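Since the structure comes first, as structure tokens, the remarks are kept for the end.
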Amino acid sequence: MISIKNVSYAYRGKEKVLNDVNLQLDMGKVYGLLGKNGIGKSTLLGLLSGLLFPGSGEILVGGNEPGKRQLSFFREIYYLPDNPDAPSISAKNYAKSFGKFYPDFNPDFFDECLAKFEVSPGQKLSNLSHGQLKKAMLAFALSTNVPYIFLDEPTNGLDITSRKNFNKLLAGMVQPFQCIVISSHQMLELNNLVDHIIILQDDKVLVNSSIEEIGHKLYFNIVKQLEGNDHLVYSENILLGYAIIQENRHHLSSPVNLEMLFNAAMEQPDYFASLFSGHKNIVHAV
Amino acid sequence: MPFSLSRILNLMRLHWNINRKIFTWMFIFLSLLIIGMLAFELVIEPSGYNQSRIQVILIASTIGICFLNIFIFKPLLQKEGASLLILPASLAEKALVAFIISYIIFPACCIITGMIIIKLTDLIYINYLGGITDTMIYDKFQYLVAPYLRFCMVFTLLIVFIRKYFYVKLGLGILVYMISTEIVDNGLARWIAGGKQPPGDSPRRHMDLPVKDLFVGDKNGLNKIQLQYNTHNGFHADETVWMPLNYMNIMIILFLLLLIFSFYIGYKRTQEQELTR
């Protein structure tokens, strides 16, 4: 379990990126960390990985304090940055060299992942394109079998097939003892992959809710006209008419559209903050 | 366990895998530097090169090692994006491996490379070019080892103690290097000679005695090696007194302490660098 209590962080000489953030992340789940560019997603992952120190507050990852950078902590996490470094060695050698440090590293699964991503194991990482490198590093991340995996914009630079394969591989490999946090600003990629959403805005956590809860509270629909749709929260013009979000007062079932959810949350932060903090104070928009 | 031999060995292998390109280029650079300096030496002194010039060559090579090490040590700890920084090895292991590679393995390889090149040059020069040389391989080794010790001092100052201001670091580094050259070479030579400037011959040739001989000497505070150098007659057993705090011994102990301390500070600094990068 990951516990973040009253955590604040500011880069030297700059304003706070995160301010009094509180979160609890459970095992067996895939968390989607959403937010605009520069809002603090990577910072939060850096804090969780022990690469950054919180200015105040406490972070515990599986009982370990990341800032202490203990061996027992590093054994349990894997953090894949947005721009991983590409040493001048092959993917196979990379796995050989780095895999030894992870007790449960699965070389067969690594090979399988590389094959699915169509990355040649013998090719030097430094010679790979950004997308290819990302795939090789993702294959490694998924093969470490560590309890906590933090992926920063994992599908950034991946082609459509690779994204699909990544989603498949990730969905198939998540174990009850694992907690995966994926940061992204590309919401569509996270659809059907994550089961919990965290939206950051203005140094705060705006939404922290499971997909189930979101579906329970909000109804996503496509309509030809806006008129006649009660309890409208948000709407967007689309080719067929309007994509809308309504309050789900009739307990209807609909797939959660993360992009719409994000746009709606950005447009009405107060409403979403109150809706998902349990103090619903409905502000009718549109 | 904060230290595990298998992890340390794997870390070293990992560094070799990742940084071998840097290592290779540095060796090539160093070899070229030594060859170039020797070639230059042969041009300006066709009748045979002398020790002072050889010293200049080797000190120049060692300065090369010093500065190349700066470029090695930092990447060993900080490079590779997040992958090395979050690698499941303790900070002590990472710092130790970086220390071993940059302080011991790399300089040792450089010194050996330098010695081989110089020896080969000697052989070619003496056998094929008909030249003569008054230098011995032992002296060359000394000239390389002493600057290496100095390099530890400079390196510590450059990397560990001063955080910013590159040019200030560089200036101070050169200053410390010059001062330590004076201390280690001339000072040490004088101390070995019992406070007198050694006449002609290099005093370092008289240092090939067991280490324990550094800790015994006469009542005047000169140790066995110094006495041997002074008298050229060897040392008389009845004059022996235990003298662990001889000036030269203190210097040697200081060097060792400096090495240990630099590792400790390097460790702390590394931790800080990792956390505030």
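Computed from the coordinates by the stated procedures, all read-outs in this text should not be read as laboratory data. This is a predicted model, so every value here is computed, not measured. All Cβ positions, even for glycine, are placed from backbone atoms using ideal geometry, and neighbour counts span all protein chains on display.
For A:ILE89, the residues whose modelled amide H falls within less than 5 Å of its own, excluding neighbours fewer than 5 places apart on the same chain, are A:LEU125, A:SER126. With a simple spin-label model that places each label point 7 Å from the Cα along the Cα-to-Cβ direction, the separation between A:ALA171 and A:HIS251 comes to 2.7 nm. Put simply, the amide H of A:LEU206, placed in the peptide plane, has neighbours under 5 Å in A:ILE199, A:LEU200, A:GLN201, leaving out anything fewer than 5 places away on its chain. When only Cα pairs below 8 angstrom with a gap of at least 6 residues are kept, chain A shows a relative contact order of 20 percent.
Using a simple spin-label model with pseudo-atoms 7 Å out from Cα toward Cβ, B:LYS21 and A:GLU212 lie 4.9 nm apart. Segment A:ARG12..A:SER129, full-extension length gain: 38.8 nm, with 0.36 nm per residue of separation and the alpha-carbon distance subtracted. Exceedance of the 28 Å cut-off in Cα-Cα distance is limited, within the set A:LYS14/A:LYS217; A:LYS36/A:LYS100; A:LYS29/A:LYS116; A:LYS41/B:LYS21; A:LYS29/A:LYS224; A:LYS5/A:LYS29, to A:LYS14/A:LYS217; A:LYS36/A:LYS100; A:LYS41/B:LYS21; A:LYS29/A:LYS224. Rounded to 0.05, the FRET efficiency of the A:ASP104 and A:ASP159 pair, given R0 = 35 Å and the Cβ-Cβ distance, is 0.75. Exposure proxy shown here: for A:PHE150, A:PHE177, the number of other Cβ atoms within 10 Å sets the order, fewest to most, as A:PHE177, A:PHE150.
Please give the length that would be gained between A:LYS68 and A:MET266 if that part of the chain were fully extended, namely 0.36 nm times their separation in residues minus their C-alpha to C-alpha distance (nm, one decimal).
On the way: separation 198, 0.36 × 198 = 71.28 nm, distance 3.51 nm.
Between A:LYS68 and A:MET266, full extension yields an extra 67.8 nm.
Phi-derived couplings, Karplus 6.51 cos²θ - 1.76 cosθ + 1.60 at θ = phi - 60°, listed residue by residue for segment A:153-166: 6, x, 9, 5, x, 8, 6, 4, 4, 5, 4, 4, 5, 4 Hz, with x used for Gly and Pro.
Extension gain for A:ASP195 to A:ASN37 (0.36 nm times residue separation, less C-alpha to C-alpha distance): 54.7 nm.
Taking the number of Cβ atoms within 10 Å of each Cβ as an exposure proxy, the fewest-first ranking of A:LEU125, A:LEU188 is A:LEU188, A:LEU125.
With θ taken as phi - 60° and the Karplus curve 6.51 cos²θ - 1.76 cosθ + 1.60 applied, the whole-hertz 3J(HN,Hα) list for segment A:236-248 is 9, 6, 10, 4, 8, x, 9, 9, 10, 10, 10, 5, 8 Hz, x standing for glycine and proline. Database remark: amide H of A:PHE101 closer than 5 angstrom to no amide H (H placed geometrically; neighbours at sequence offset of 5 or more, or on other chains; Pro and chain starts carry no H). Ordering B:CYS109, A:CYS179 by the number of other Cβ atoms within 10 Å of each residue's own Cβ, fewest first, gives B:CYS109, A:CYS179.
The phi torsions of segment A:90-99, fed into the Karplus equation with coefficients 6.51, -1.76 and 1.60 and a -60° offset, translate into couplings of 6, 4, 5, 5, 4, 5, 5, 6, 7, x Hz, rounded to whole numbers, with Gly and Pro shown as x.
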